[in-house]
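See structure below.
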Amino acid sequence: MLRALASLFFYARFLREFSALGFRRRQPHWKPLAGNYRGQRWLVTGATGGIGRAIALAANRGGATVLAAARDQRKLAKLREDATCPEQLLPIAVDLSSMTAVAQMRNAAQIAERPVDVLINNVGVLLNDFGQTEEGLETSFATNILGHFVLTEGLRDAGLLQSDSVVINMSSGGIYGTPLRREAMAASTAQGYDGMAAYATHKRAQVALTGLWNQRWNGSPRVYVMHPGWVDTAGVRSSLPWFRATLKHFLRDAEQGADTALWLAEARPEIDGGIYLDRSLQPEHCFAFTRRGECSAEDLHQYLEAQAARCLS
Ligand SMILES: NC(=O)c1ccc[n+]([C@@H]2O[C@H](COP(=O)([O-])OP(=O)(O)OC[C@H]3O[C@@H](n4cnc5c(N)ncnc54)[C@H](OP(=O)(O)O)[C@@H]3O)[C@@H](O)[C@H]2O)c1
């Protein structure tokens, strides 16, 4: 009962900003994007569905070569078919929840041949049931955070992310409901598993990791974290059917969800903390309780490093 009330409060609090209402209110004040990405190489994870697909197609339309990563070969083929320049849409079949597969992908010739100008760490799943990968990781933890950690750090170590590259982490408004917590991040048993809490913690972790990477890397590459707003996608339909049923008339479309990522890739604002929504910087915290993290960004980094090393040893 308490939890239902808390959810109700949360969704009512953010409805005006995160729904299509917020997007429509702000959009008239924006300059149109130039949308010219000629000569750039983009790597987009989760490129076959929802927001990732809208980003991949827009980048390709703007002349970028897009390395499109997702699991399903048929969806990858369809993405290529729908691309403006199919010859510049390179499908990469990979499961982001497997660290072995991510490490292999990162070393594959297709990726390793030239630096990536724009990396969009977009895949994110909210799983209602506990599951584990073959490497013994809770599946949403592996997909949402560890896979992107291995990918991003690996690309940078290999010199494939450079000073003029940008990394965009796709987080969520779910961050406003949780502090940074190590325990909730990677459950090891089904007992007491709470997929929603795990998802929010991963999204909070993306914000912390973004800050840490910027601090350590000093803008080479620049790393941004963003929230796409509430978007009507297959992911939302399958993970949050009640949310979708209640708010379907207020959800954004995938192109609206993709807008801020395209804007960040083009505008490349100075790094200044916070999380982007609708082309503007928003605070990392809206409530005092989320400031009281149970671990630091450094602890998080160490933990991710150890988990990745265990899987890759
Ligand atoms: N939709 C929203 O309202 C909303 C709100 C806040 C934040 N976000 C964030 O925005 C991002 C995109 O969300 P979305 O709603 O567009 O997602 P979606 O509709 O569920 O699309 C998921 C994409 O990720 C791919 N994918 C899923 N698991 C994968 C895995 N293990 N390895 C590789 N690819 C995988 C899927 O393709 P395959 O199945 O072929 O692999 C598909 O291309 C996520 O990070 C999400 O947390 C979304």
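Rg of the Cα atoms in region 88-216, relative to 2.2 N^0.38 Å, amounts to 1.08. All other residues whose Cβ lies under 13 angstrom from that of Asp157 are scored, Lys and Arg at +1 and Asp and Glu at -1, for a net of +1. For the pair Ala108 and Asp82, the difference between a 0.36 nm per residue extended length and the Cα-Cα distance amounts to 6.9 nm. Here the calculated FRET efficiency for Ala6 and Ala245, from their Cβ-Cβ distance with R0 = 25 Å, stands at 0.80, rounded to the nearest 0.05. Compactness of region 24-87, taken as the C-alpha radius of gyration over 2.2 N^0.38 Å, stands at 1.20.
I'd like to compare 126-137, 55-66: which one has the highest average count of other Cβ atoms within 10 Å, and what's the full order after that? Show your work: numbers first, answer last.
Details: 126-137: 15.8, 55-66: 23.9.
So the peptides 126-137, 55-66, ranked by packing, come out 55-66, 126-137.
For the pair Asp253 and Arg24 in one chain, pulling the backbone fully straight at 0.36 nm per residue adds 81.3 nm over the alpha carbon distance.
Taking 0.36 nm per residue of sequence separation and subtracting the Cα-Cα distance, how much length would be gained by fully extending the chain between Ala309 and Asp157, in nm to one decimal?
Numbers: separation 152, 0.36 × 152 = 54.72 nm, distance 1.48 nm.
Result for the pair: 53.2 nm of gain on full extension.
Counting Cα-Cα pairs of region 1-41 in 10 Å increments starting at 0 gives whole-percent bin shares of 23, 26, 23, 17, 10, 1. A straight line joining the Cα centroids of region 15-41 and region 234-313 runs 17 Å.
Spin-label model, Arg182 to Ala267: label points 7 Å out along the Cα-to-beta-carbon direction sit 3.7 nm apart.
Within 10 Å of each residue's Cβ, count the other Cβ atoms and sort Trp230, Trp217 from fewest upward.
Working: Trp230 28, Trp217 16.
Ranking Trp230, Trp217 by Cβ neighbours within 10 Å, fewest first, gives Trp217, Trp230.
Modelled this way, with points 7 Å down the Cα-to-C-beta line, the labels at Trp217 and Arg38 are 2.8 nm from one another. Computed over the Cα atoms of region 191-254, the ratio of the radius of gyration to the Kirkwood radius (Rg/Rh) comes to 1.11.
Protection proxy ranking of 193-200, 156-163, 271-278, by the mean of other Cβ atoms within 10 Å over each peptide's residues and highest first, is 193-200, 271-278, 156-163.
Which net charge results when you count Lys and Arg as +1 and Asp and Glu as -1 among the other residues whose beta-carbon is under 15 Å from that of Asp117?
Details: positive: Arg38, Arg41, Arg114, Arg156, Arg222, Arg268; negative: Glu113, Asp164, Glu266.
Here the count lands on +3.
Which residue fluctuates the most in the chain, going by a Gaussian network model with Cα springs under 10 Å, if the choices are Arg252, Arg216, Arg16? Of Arg252, Arg216, Arg16, the most mobile in the Gaussian network model is Arg216. Note on region 34-312: the C-alpha convex hull projects to 13.7 nm² when averaged across all orientations. Under 20 Å from a point placed 7 Å out from the Cα of Asp194 along the Cα-to-Cβ direction: which residues of region 142-181 have their backbone N that close? Of the residues in region 142-181, 142, 144-145, 172-181 have backbone N under 20 Å from the label point off Asp194.
Each value in this text was obtained by applying a stated rule to the coordinates, not by laboratory testing. Everything numeric in this text was worked out from a predicted model, so none of it was measured. Quick reminder, even Gly has a Cβ in these numbers, built from the backbone with ideal geometry, and neighbours come from all protein chains shown.
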